[in-house]
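Visitor: First the structure, which I've put down as structure tokens, then a few questions once you've had a look.
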């Protein structure tokens, strides 16, 4: 009798400790080749978006559209710059929807191939209308960038997805450096290198073809390598490991879904993708609202930084030189990439994307007040002293969380996708982000000018508005649901 009791106690204790022991899940190695090809495609977006900035004023004037009136140049240049984001916003959802129907690979390959043609056309354009058309095509073919995020979600699982998505903002930062560098160095080659290109009539007639061709060559390289090595992922596997209770990204009631993908063995082939109305559930609308607020707040900050750093101290800036601004932002981009990769991504994997997004977005409530304070300190001191530099370092440290906010939001978007609609959901998210990014520069820069001219709140009206916006965004962040329930 005693032996049976002892065995029963051992059995109960054994089951108790086994069930309560945390599951240790080994991290899945990243598919390096597939990830490299996806990142190569993604880096073409910032390169083609920003390569024209150094020479866009000259390109507009060369068309004769301003009739010699330099005051009109900014207007026409703004049209060309804005049409990119507008075209991307209007097409990104349809690229995602097409990828859900026809497969990821063929849709994704159209992006860099189309960008190659659009960049060459832009460099050969002499009429303003042609510049607008080819710039719109650049936005259209960049619209399938959301498909690359879809593929990235389908080739990873809960143990390594955060690591993969961390690379996206790093690629954007790298592309944002390469693009303007190509545009600035290679434009007007007959003037830059008269001994070599000065003898070629073609480059005198088309002074902006070389930087566009260089950007197009990078896009064609991305197309060629991806055509050879990129694999189809639609219905390739069932990421069921993300719906099991073993993934650290799903802690504390985080959503447990199949990420919108499925395998042929588990899903019936006659299931159709949900309609757009069926996609826009309450949960997804909340996430899209947060994505839009994040993109708008971030772009407003991105626009304000060069204005605040470079404006003179008497009118409310820091009076830093372009060299100092470029050096600061370059060092920040490098250090922020390592900080996110080595530290913040690990925290994201530990606490989950919802909590990490809330923490990361709340950094805006540190960034904007610090921008206010460091401007006032510089004004009182009459120079950028040690205290201003210390505050600036703190402000940049807070800004390093923005990339993690995007990583967290990308994971939340993926988790919100119903079956057979991951591409469409990523397309909706990218459309929302592109739309708000297009609006933010106009509002932020205009509000900064109004603040300095009107002296409302002693020139800090823009700070007040953005602090209030950040507070609203943080409230919306807490509305992100912990559970997403979709019927597949």
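Visitor: Let me confirm something: among 3, 62, which residue is assigned by TED's automatic domain parsing to the domain that holds residue 157 and either at pLDDT below 85 or over 24 Å from residue 143 (Cα atoms) (or both)?
Guide: Of 3, 62, the one residue that is assigned by TED's automatic domain parsing to the domain that holds residue 157 and either at pLDDT below 85 or over 24 Å from residue 143 (Cα atoms) (or both) is 62.
Visitor: Residue check: is residue 474 modelled with pLDDT of 90 or more and under 25 Å from residue 171 (Cα atoms)?
Guide: Judged against the criteria, residue 474 is not a match.
Visitor: Now a separate question. Would you check which residues across segment 151-173 are out of contact with any helix residue (DSSP H, G or I) (no Cβ under 7 Å at 6 or more places or on another chain) and either surrounded by fewer than 20 Cβ atoms within 10 Å (Cβ to Cβ) or free of Cβ contacts under 8 Å to residues at least 24 places away in the same chain (or both) and list them?
Guide: 160, the sole residue that qualifies.
Table: residues versus (1) in contact with a helix residue (DSSP H, G or I) (Cβ under 9 Å, 6 or more places away or on another chain); (2) within 20 Å of residue 221 (Cβ to Cβ); (3) buried (at least 24 other Cβ atoms within 10 Å of the Cβ).
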{"site": "119", "(1), (2), (3)": "yes, yes, yes"}
{"site": "126", "(1), (2), (3)": "yes, no, no"}
{"site": "149", "(1), (2), (3)": "yes, no, yes"}
{"site": "175", "(1), (2), (3)": "yes, yes, no"}
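Visitor: So how many residues does segment 177-205 have that are touching a helix residue (DSSP H, G or I) at 6+ places or on another chain (Cβ under 6 Å) and free of Cβ contacts under 8 Å to residues at least 40 places away in the same chain?
Guide: Within segment 177-205, residues that are touching a helix residue (DSSP H, G or I) at 6+ places or on another chain (Cβ under 6 Å) and free of Cβ contacts under 8 Å to residues at least 40 places away in the same chain number 7.
Visitor: Before we move on, is residue 360 crowded, with 21+ Cβ neighbours inside 10 Å, on the phi < 0 side of the Ramachandran plot, within 24 Å of the chain's Cα centre (by Cα) and modelled with pLDDT under 85?
Guide: Against the criterion (crowded, with 21+ Cβ neighbours inside 10 Å, on the phi < 0 side of the Ramachandran plot, within 24 Å of the chain's Cα centre (by Cα) and modelled with pLDDT under 85), residue 360 does not qualify.
Visitor: So, residue 356, is that one under 22 Å from residue 441 (Cα atoms), part of a helix (DSSP H, G or I), touching a residue at least 40 places away in the same chain (Cβ under 8 Å) and not assigned by TED's automatic domain parsing to the domain that holds residue 179 or not?
Guide: Judged against the criteria, residue 356 is not a match.
Visitor: When residue 375 is evaluated against the numbered criteria (1) part of a helix (DSSP H, G or I); (2) more than 22 Å from residue 464 (Cβ to Cβ), which criterion, by number, is the only one it fails?
Guide: (2)
Visitor: Name the helices (runs of 4 or more DSSP H) wholly inside segment 381-488 in which the number of residues that are surrounded by fewer than 21 Cβ atoms within 10 Å (Cβ to Cβ) and without any contact (Cβ under 8 Å) to a residue 12 or more places away in the chain is 1 or more.
Guide: It comes to 386-399, 422-454, 461-478.
The values are calculated or read from the model by the stated rules, or taken from the named source; none is laboratory data. None of these values were measured; they are calculated from a predicted model. When we count neighbours, we look across all protein chains shown, and the Cβ atoms used for this are built from the backbone with ideal geometry, even at glycine.
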